[in-house]
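Remarks on the structure that follows.
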Amino acid sequence: MKLRLSTSAGRWGLFVLAAAGMSACAQGEEEAPSKDLDPVIQRALNDPIMVDPDLVSQNMANSAITFEIGQPLPPENSSPSAINAAREEAIAQLGGSGGLAPLPEGEVTDGLAAHEAINTIGRLRRLSPPQDCVDAARFSAIWAARLPQALMIYPRGSTKEAIGVDAPQCKLRAVIYLSPVPATDVLAFHHAKVLDSGFRSTLSVGSGWHVLAGSKAKARYEITARSLPSGMTEIGIVSLETF
């Protein structure tokens, strides 16, 4: 015997099936996996623990403010127009080309050792700061903006790494930045700035490195520069004032 559904019963059945389908979809949406983690967070979770002492500058577990070392601030620009613009700004900061001072005669040295060249930690240790001052230092791009006025980075420089501290016993800054301008031009700018601020200044050259260094009272600085295979100039600035 065949059973026949009435039109109303058929419609009711379709309604029940549709409602069940919507419910299943809703449950499926609630159980859908969450979106992928932000790439920066994903990298932080997946990166191996730093145990190599040469990589200590990248282990920022105790840093209050940190930044991604591999991301230049601002982006690097090595076009001829960028180089000319940077030079013009540098001359303007010195009050004109007459503000430039010839670099001192360079003493021949061995340059920087590999552990000194690798990062800001290596650079700042060249000034032999107190250990408690080094221990209190923290990584942050803000230290590039907090360099002493006499040691501000060359116009349009691209900060790669920065560390510093303002402590009762010391003020410490170490910054590495890039510039498309040749090393001798960058150093001439820094040399003029430090002389104008009353620092003494000496220059040493060796193994591809230029090192400008000087002191004034309890403040010392060192500026290291070298040309990279990319054509950019890498400059490191370290300043230390003890109390």
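A few comments on the model shown:
- Only the Cβ atoms of Lys and Arg (+1) and of Asp and Glu (-1) were treated as charged; on that basis the dipole of segment 67-223 about its Cα centre amounts to roughly 400 debye.
- Cβ crowding within 10 Å averaged over residues, with 108-119, 164-175 ranked highest first: 164-175, 108-119
- Near ALA90, once Lys and Arg are set to +1 and Asp and Glu to -1 for all other residues with Cβ below 10 Å from its Cβ, the sum equals 0.
- Within the accessible surface of segment 104-243, defined with a 1.4 Å probe on protein heavy atoms only, the carbon and sulfur portion equals 52 percent.
- Per-peptide packing, taken as the mean over residues of other Cβ atoms within 10 Å, places 206-212, 131-137, 151-157, 186-192 in the sequence 186-192, 151-157, 206-212, 131-137 from highest down.
- For segment 90-99, backbone phi angles converted through the Karplus equation (6.51, -1.76, 1.60; θ = phi - 60°) give residue-by-residue couplings of 5, 5, 5, 5, 8, x, x, 4, x, x Hz, Gly and Pro being listed as x.
- VAL205 accessible area, 1.4 Å probe, all protein chains in place, Å² to nearest 10: 50 Å²
- Look at the alpha carbon pairs under 8 Å that are at least 6 residues apart: their mean separation over the length of segment 188-243 gives a relative contact order of 23 percent.
The values are calculated or read from the model by the stated rules, or taken from the named source; none is laboratory data. This is a predicted model, so every value here is computed, not measured. Every residue, glycine as well, gets a Cβ built from its backbone with ideal geometry; the counts of neighbours run over all protein chains shown. In case anyone asks, the SASA skips ligands and DNA or RNA and just uses the protein heavy atoms, side chains included. Shrake-Rupley method; radii C 1.70, N 1.55, O 1.52, S 1.80 Å.
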